[in-house]
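Visitor: Here you go, one structure.
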Amino acid sequence: MTNEQNILSKFASKIVDKGMTVPALFFLESAKYVSFIGSQMMVFFGPIMTSFINSEKYYNFSELLEDRDNVEYLLNEIERIDLEVQNNQ
């Protein structure tokens, strides 16, 4: 597993743990074709956002969103983790 996939898997786990699977899947499916534009907006708002959160993680995540394959991986990972959680209950 690459470093990018590791970061996305951790993010997917947090989404599932907070019970936000359905809204996250809906949002990501509808926005995956404009993910590059979204990542550039993150860079634009970076100076403001990084005053509240860790700048290294923020900019790493914005770089990950530039690639549509990473968004697709995140979608699949959220679905996989959610299915595991449902099977364990």
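The values are calculated or read from the model by the stated rules, or taken from the named source; none is laboratory data. As the structure is a computational prediction, the values presented were derived from the model and not from experiment. Every residue, glycine among them, receives a Cβ derived from its backbone with ideal geometry; neighbour counts consider all protein chains shown. Just so you know, the surface numbers come from the protein's heavy atoms only, side chains and all, with ligands and any DNA or RNA stripped out. Shrake-Rupley method; radii C 1.70, N 1.55, O 1.52, S 1.80 Å.
So that you can scan it fast, the table gives a plain yes or no per residue for (1) farther than 14 Å from L74 by Cβ; (2) in contact with a Leu (Cβ under 8 Å, 6 or more places away or on another chain); (3) outside any helix (DSSP H, G or I); (4) open to solvent by 80 Å² or more (accessible area, probe 1.4 Å):
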{"site": "A12", "(1), (2), (3), (4)": "no, yes, no, no"}
{"site": "A31", "(1), (2), (3), (4)": "no, no, no, no"}
{"site": "S39", "(1), (2), (3), (4)": "no, yes, no, no"}
{"site": "E56", "(1), (2), (3), (4)": "yes, no, no, yes"}
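Visitor: Moving to a separate point now. If F44 satisfies every condition in (1) open to solvent by 70 Å² or more (accessible area, probe 1.4 Å); (2) over 15 Å from the mean Cα position of the chain (by Cα); (3) closer than 21 Å to N3 by Cα but one, which is the exception?
Guide: Result: F44 fails condition (3) only.
Visitor: Can you pull out every residue in segment 58-89 that is open to solvent by 70 Å² or more (accessible area, probe 1.4 Å) and either among the small types (G, A, S) or part of a helix (DSSP H, G or I) (or both)?
Guide: Y59, E63, R68, D69, N76, E79, R80, L83, E84, Q86, N87, N88, listed by residue number.
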